[in-house]
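Reviewing the structure listed below.
Quick note: the coordinates plus some simple rules give every number you see, no bench work behind them. All values reported here derive from a predicted model rather than from experimental measurement. All Cβ positions, glycine included, derive from the backbone under ideal geometry; neighbour counts span all protein chains shown.
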Amino acid sequence: MASISDQFLKLADGNRMPQEGFGVYKITDEEEMKVAIRSAWENGYRLFDTAQMYENEEMLGHALADLNVSRDQFFLTTKVAEKKQGFESAINSVKDSLQRLGLDYVDLLLVHWPINQHFFETWRAFEEMKKQGLTRSIGVSNYSMVHLQYLATQATEMPVVDQIECTPQLGQEPMRAFNHQHGIVTQAWSPLARGKMMDNPVLKKIAAAHQRTVAQVILRWQLQVGNSFIPKSVHPSRIKENAAIYDFELSADEMRSIAKLNKNKRVSMEPELVYENNAQYPH
């Protein structure tokens, strides 16, 4: 039977990435981090996703070290914050991130948000960091179609991952199709819409039919549309539940019903406004 540990996506650069991972956004307590990472590891998660902005890279590094497993057994993602973008600044910031993580390299390095001020020089730094071995793969986060098209005018190597907000209420079908067409894996952050869809009647009905939770139905939908996805929880029971989605399947009718829930509704910011303002904005 399939499980979280054997579901991988091949990236355009030839590397492999686990399809389901574990996000650590807002985990800021050392003991809570250790318990969450240990629980995730024991339930088969092998991809761990952090960011400079989360200010928990060092805690995650300690938690991974406590697992006492070889470096090639897990896949680590971090992201360069807006204030650290620019050529030299991005490279220096990633060296600092690696020091905090206690690692020689990350598996995937992402530009956290597009900003116009350092748009091309930041990507040039990413290409350079890949050459230097600071990261195995390079990608972006919160890039829309027009940002990727603009990047393509100067990039030597295109992103292999675009981590975006994608949920049943923000289905991102055109964006997912664009990424697929260009060999870019779509990775969903906050794949459960920060809990805002747990009472949706359509999802509750599908969940009841499969004797599953609404969260499991949403994650199964993410899996079946081909996304990578990184749910987050600090509760061992939820961590286990979010990994237990490989022994049932949503029907074509159920997938269509979920697709109809799209309202183009975000729980976070509009990437174009972050790009224009060179920073995230009050939301």
Looking only at region 236-259, count every residue that is under 16 Å from I206 (Cα atoms) and without any contact (Cβ under 8 Å) to a residue 24 or more places away in the chain and tell me the total. 4
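Conditions tested, residue by residue: (1) touching a residue at least 40 places away in the same chain (Cβ under 8 Å); (2) in a helix (DSSP H, G or I).
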{"site": "Q163", "(1), (2)": "yes, no"}
{"site": "M175", "(1), (2)": "no, yes"}
{"site": "N179", "(1), (2)": "no, yes"}
{"site": "T186", "(1), (2)": "yes, no"}
{"site": "R194", "(1), (2)": "yes, yes"}
{"site": "M198", "(1), (2)": "no, no"}
{"site": "V202", "(1), (2)": "yes, yes"}
{"site": "K205", "(1), (2)": "no, yes"}
Does region 152-179 hold any residues that are among the β-branched types (V, I, T) and over 18 Å from the mean Cα position of the chain (by Cα), and which are they? T153, T156
Please work out if Y246 is within 22 Å of P174 (Cα to Cα) and among the aromatic types (F, W, Y). no
Which of the following residues is in contact with a Gly (Cβ under 8 Å, 6 or more places away or on another chain) and in a loop (DSSP other than H, G, I, E, B): L261, L250? L261
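Could you identify the single residue in F75, F120 that is in contact (Cβ under 8 Å) with a residue 40 or more places away in the chain and aromatic (F, W, Y)?
F75
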Among the residues of region 27-53, the number that are surrounded by fewer than 20 Cβ atoms within 10 Å (Cβ to Cβ) and part of a helix (DSSP H, G or I) is 8
